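Structure first, commentary second.
The values are calculated or read from the model by the stated rules, or taken from the named source; none is laboratory data. Note that the coordinates shown come from a computational prediction; the quantities given were computed from them, not determined experimentally. Cβ: placed from backbone, ideal geometry, glycine included. Neighbour counts: every protein chain shown.
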Amino acid sequence: MPATAKSLDTTKDRPRGKDQGAAARPPMSAEQEKLAFREMLLIRRFEEKAGQLYGMGLIGGFCHLYIGQEAVVVGMQMAIEEGDQVITAYRDHGHMLASGMDPKYVMAELTGRRSGYSKGKGGSMHMFSIEKNFYGGHGIVGAQVPLGTGIAFANRYRENNRVCLTYFGDGAANQGQVYESFNMAELWKLPVVYIIENNKYAMGTSIERSHAQRDLSKRGMSFGIPGEQVDGMDVRAVKAAGEKAVAFAREGKGPYILEMLTYRYRGHSMSDPAKYRTKDEVDKYRKEHDPIEMVRTRLIEEKRASEDEVKKIENEVKNIVNEAAEFASHEPEPDASELWTDVTR
Amino acid sequence: MEKGNLAKWVKNEGDPVKAGDVIAEIETDKATMEVEAVDEGTLGKILVPEGTQDVAVNTPIAIIFAEGEKAGDVAAAKPAAKPAPKQEAPAPAETPAAPVSVSAPAAAPAASDPEVPAGTEMVTMTVREALRDAMAEEMRRDPSVFVMGEEVAEYQGAYKVTQGLLQEFGAKRVIDTPITEHGFAGVGVGAAFAGLKPVVEFMTFNFSMQAIDQIVNSAGKTLYMSGGQVTAQIVFRGPNGPAARVAAQHSQDYSAWYSHIPGLKVIAPYTAADAKGLLKAAIRDPNPVIFLENEILYGKSFPVPKLEDWVLPIGKARIARAGKDVTLVAWSIGMNYALGAAEELAKEGIEAEVIDLRTLRPMDIETVVESAKKTNRCITIEEGWPQNGVGADIAAQIMERAFDWLDAPVTRVSGKDVPMPYAANLEKLALPSVPEVVEAAKAVLYR
């Protein structure tokens, strides 16, 4: 029997990202830490820019920003191997950038332009890159969970030694199809890691108001799926937990659940009334638990990088994002004939 | 189910029997059933010997003597257990098919199909066998094709459509799922995203409503939403539409539902030849395909061309019977009504042209419009409901494309606008019928 889920009570609002001292955390090399800093910062700056473009009317419809949650996807990406797959829901820009997709074409999709990853036909919530093993980008809460389980099914069918990371939020954790997937994944020992990004709010409904069992790492227990809670604001903790879970799945032992305790700074989408939580709560996370700031501070304090080196990374990221925004603002819209293409092949 | 084989006598003549004792085993195309004695007494005379094939429902198979009766009283004794009894409280899937109320002649032999080379040998097989052969052939041809669904493997298919596949291809490729339609539909689509070619069986399409989000949103739209990058080469198949005596929740026709969706292909064959050729085409098609079968047709036999690789084009209707007076458009079991009506009309000198649509999306509306231009009259026939039905769409398209050719309004014969009732008489009323089609045809001919 796999290890049972650790019992941690999130009802007491377990501190997220509270630095419990370097010794308590698995170490990262200086290079890894700098890489994590760069990747997280790229997502942060990209999302800030997307927010601006949305305000300017260049991005329309729904736009769900990942700001605050960057350590989750960056840490997990550092835990997988080339060829492993990623699938998520609609708060997906971070996953795409971390998968190595080109920020220019991601942003061009956000602005609905022809060079976007989906030729401008998918938008923020529906982007894919088979080349980078990124399987979307899905707009229906929870629907990506059976899909990711199916990708893992294909891995096992082909015996290709690949693992599929299947992300979903605390809100999706109440959908029935998640448990249908858990059952089949454990029954057939599929190589899938379920990553629950628990940012405490399903849109505006806090988990206290919607979840009977708030320790989401336990949600696989009745299927015998091991799970654990992870400090999702600390990229080191994410990477270490991710490596363990991915190895478990790759060894043919079946699925694994990682509940990432994280937090989103921005609203659910761009039209969030921000009435369901206090400004103080948001500020507290920003000031005390910011995943990027914690790494930046550590890099400098532990003399793993000089201030100049860090600034260089910051400038490089800023340029990439500005270029992407520039590109995405000036690309042409899709040709009218594209309306009729890609319906069937 | 209309007949069965007497597989085995468990009791012999002269044996005492109590009510509830198993006296014989009957084999039907769906299952093996035990026949129980209904009275206490002695098994006096066996009327149908072991090994007899095709014993019709309600044929007396033995006589049980009550106490005091003896062989000489045979004429007076009451017939005992009946063969092929109605199945008791079956799983929802195992619907006892009541006799089909419509006795239609078989469709014009498929040899007239333009795709069949002249001189091709035809073999007679059931729709069920044709479907099984189609899957087996495609699985032999392509290792990425696999079958999954409830009871497809060890049980051999709730309707025996997947019979023998587990034995040939093993548990890796013929996969019994838990009862979890939403989940396994999504798992199938995910596997298809990753390049496998799943054939997902719904025990009946009634249960696909549990999975409809994955079918429509994930399978149907991803090619478009990904700008052509991600395909879902997947077939969702299973029996669709009313079976017999299974009431409202198990008697629904999804023809209109799925053919509404851009991104899906929808096939609904009538003959065994079409079932085979189109299922093979569906498995090879790079798009998600909804393959609507019909339980009542599973046991119906048709000639099928004996060809190495019989694959039909998706999206082509077939003129099943040529005529000049009125066009009847149907598909799947609707063809029973259409062909039955054409036969009746012929007796009165009316030549109906019967079109089997075969594919509902993309629909071969050209063939329908051409026929309507020739006959100037058109009747659509479906078991589904009239509002927003397939017939409603055909009527609209004929109006748009052939308005000036019409000598009468396009008329729909459909299932009645009510949930399916259970009672046999009401069920019959709820479904279309040959007389309704005949009446509609005469009405548009002003006769």
**Message:** Restricting to region A:312-345, and then to whatever is hydroxyl-bearing (Ser, Thr, Tyr) and part of a loop (DSSP other than H, G, I, E, B), can you tell me which residue is farthest from residue A:114 (Cα to Cα)?
**Reply:** A:344
**Message:** Test of understanding: among A:197, A:180, which residue is of a type outside the set (S, T, N, Q) and away from every other protein chain (no Cβ under 14 Å)?
**Reply:** A:197
**Prompt:** Restricting the first residue to region B:210-229 and requiring it to be at the interface with chain A (Cβ under 7 Å from one of its Cβ atoms), which pairs with a second residue that is β-branched (Val, Ile, Thr) and part of a helix (DSSP H, G or I) meet a Cβ separation below 6 Å and a spacing of at least six or different chains?
**Reply:** B:214/B:189; B:218/B:189
**Message:** Condition first: surrounded by 18 or more Cβ atoms within 10 Å (Cβ to Cβ), assigned to a loop (DSSP other than H, G, I, E, B) and without any contact (Cβ under 8 Å) to a residue 40 or more places away in the chain. Can you find one or more residues in region B:418-437 that meet it?
**Reply:** no
**Message:** With the structure loaded, tell me whether residue B:200 is touching a strand residue (DSSP E or B) at 6+ places or on another chain (Cβ under 7 Å) and free of Cβ contacts under 8 Å to residues at least 60 places away in the same chain or whether it fails that test.
**Reply:** yes
**Message:** Based on this model, can you work out whether residue B:203 counts as closer than 30 Å to residue B:420 by Cα, in the same structural domain as residue B:251 (by TED's automatic domain parsing) and part of a strand (DSSP E or B)?
**Reply:** no
**Request:** Could you look through region A:156-177, keep only residues that are without any contact (Cβ under 8 Å) to a residue 60 or more places away in the chain and surrounded by 24 or more Cβ atoms within 10 Å (Cβ to Cβ), and pick out the one that is nearest to the other protein chains (Cβ to nearest Cβ)?
**Result:** A:177
**Prompt:** What is the residue count in region B:185-197 for residues that are under 20 Å from residue B:135 (Cα atoms) and at the interface with chain A (Cβ under 7 Å from one of its Cβ atoms)?
**Reply:** 6
**Asked** So residue A:152 fits all but one of (1) away from chain B (no Cβ under 14 Å); (2) surrounded by 19 or more Cβ atoms within 10 Å (Cβ to Cβ); (3) not β-branched (Val, Ile, Thr); what number is the exception?
**Response** (1)
**Request:** Taking residue B:280 as the residue in question, decide whether it is farther than 30 Å from residue A:109 by Cβ, of a type in the set (D, E, K, R), in a helix (DSSP H, G or I) and out of contact with any Cys (no Cβ under 6 Å at 6 or more places or on another chain).
**Result:** yes
**Request:** For region B:1-44, enumerate the residues that are at pLDDT below 85, β-branched (Val, Ile, Thr) and touching an Asp or Glu at 6+ places or on another chain (Cβ under 7 Å).
**Result:** B:32
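Condition check ((1) of a type in the set (Val, Ile, Thr); (2) buried (at least 24 other Cβ atoms within 10 Å of the Cβ); (3) in contact (Cβ under 8 Å) with a residue 24 or more places away in the chain; (4) more than 28 Å from residue A:231 (Cβ to Cβ)) across all residues:
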position: A:53; (1), (2), (3), (4): no, no, yes, yes
position: A:65; (1), (2), (3), (4): no, yes, yes, no
position: A:72; (1), (2), (3), (4): yes, yes, yes, no
position: A:76; (1), (2), (3), (4): no, yes, yes, no
**Prompt:** Hey, does region B:198-206 have a residue that's facing another protein chain (nearest Cβ under 10 Å) and within 12 Å of residue B:288 (Cα to Cα)?
**Reply:** yes
**Prompt:** Given the structure, is residue B:148 closer than 21 Å to residue B:275 by Cα, within 12 Å of chain A (Cβ to nearest Cβ) and outside any loop (DSSP other than H, G, I, E, B)?
**Reply:** yes
**Request:** Among what's in region B:151-184 and is in a helix (DSSP H, G or I) and within 12 Å of chain A (Cβ to nearest Cβ), pick the residue that is nearest to residue A:88 (Cα to Cα).
**Result:** B:183
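Considering region B:146-174 alone, what residues qualify as being more than 21 Å from the chain's Cα centre (by Cα) and surrounded by 22 or more Cβ atoms within 10 Å (Cβ to Cβ)?
Passing the criteria: B:146, B:174.
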**Message:** Among (1) over 30 Å from residue B:418 (Cα atoms); (2) away from chain A (no Cβ under 14 Å); (3) outside any helix (DSSP H, G or I), there is one condition residue B:291 misses while meeting the rest; what is its number?
**Reply:** (1)
**Asked** What are the residues in region A:87-128 that are more than 12 Å from chain B (Cβ to nearest Cβ) and either in contact with a His (Cβ under 7 Å, 6 or more places away or on another chain) or among the basic types (Lys, Arg) (or both), if any?
**Response** A:88, A:89, A:91, A:104, A:106
